[in-house]
1. Spot the failing condition for residue 82; the list is (1) modelled with pLDDT under 90; (2) open to solvent by 50 Å² or more (accessible area, probe 1.4 Å); (3) among the hydrophobic types (A, V, I, L, M, F, W, C), and only one is missed.
2. Select from the range 1-13 the residues that are modelled with pLDDT under 90 and not aromatic (Phe, Trp, Tyr) and list them in ascending order.
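The values are calculated or read from the model by the stated rules, or taken from the named source; none is laboratory data. Keep in mind the model is a prediction, meaning the values are calculated, not measured. The accessibility values were calculated without ligands, DNA or RNA, using every heavy atom of the protein model including side chains. Shrake-Rupley method; radii C 1.70, N 1.55, O 1.52, S 1.80 Å.
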Amino acid sequence: MPDFYLAQKLKKLCETPCTLLWLEGSKHERVLSVRLQERRLVLQLSDQTSRVVAFERYSVTAVGLQFWSQGRPGVLFRWEQVPRESWDAKGNTALKMVPGPSSDEPPPAAA
C-alpha cells in the first residue's frame, strides 16, 4: 500500500496551478501526470514518454518533493514562474494525479 502522507502531498502538488517539472542532475522535463505505485513514481512526460522512478526515501521540500534512488536525488518541482495554463493554452494535456517537450536548457533562474 502506498504511503498515505506521500499520496496526499503528490495530490496537493498536482492540484497547484503551477507547471510541474522533474529535475534530475542537470536535466529537466515537464510532467503531465503522476501515479504512485508502492515505492515507484510513474511520470508521464511532455515528450510523450513515461518514466518510472523507484525510490528508497523521499522528503517534502518548499518547492515540491525530493526522491532518492540508489543515492541519487530527483525532484518533483513546482515551477511557480510558469503557470500551467500557459502550457495548456498551447493544447497540451493538463496535469493530473494518476501518475512534455524536453529541453536542453534549464529553467530560468528565479528573479
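1. Only one criterion is unmet by residue 82, namely (2).
2. Those that are modelled with pLDDT under 90 and not aromatic (Phe, Trp, Tyr): 1, 2, 3.
For every residue, the table says whether it meets (1) at positive phi; (2) outside any strand (DSSP E or B); (3) open to solvent by less than 10 Å² (accessible area, probe 1.4 Å).
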| site | (1), (2), (3) |
| --- | --- |
| 8 | no, yes, no |
| 43 | no, no, yes |
| 67 | no, no, yes |
| 77 | no, no, no |
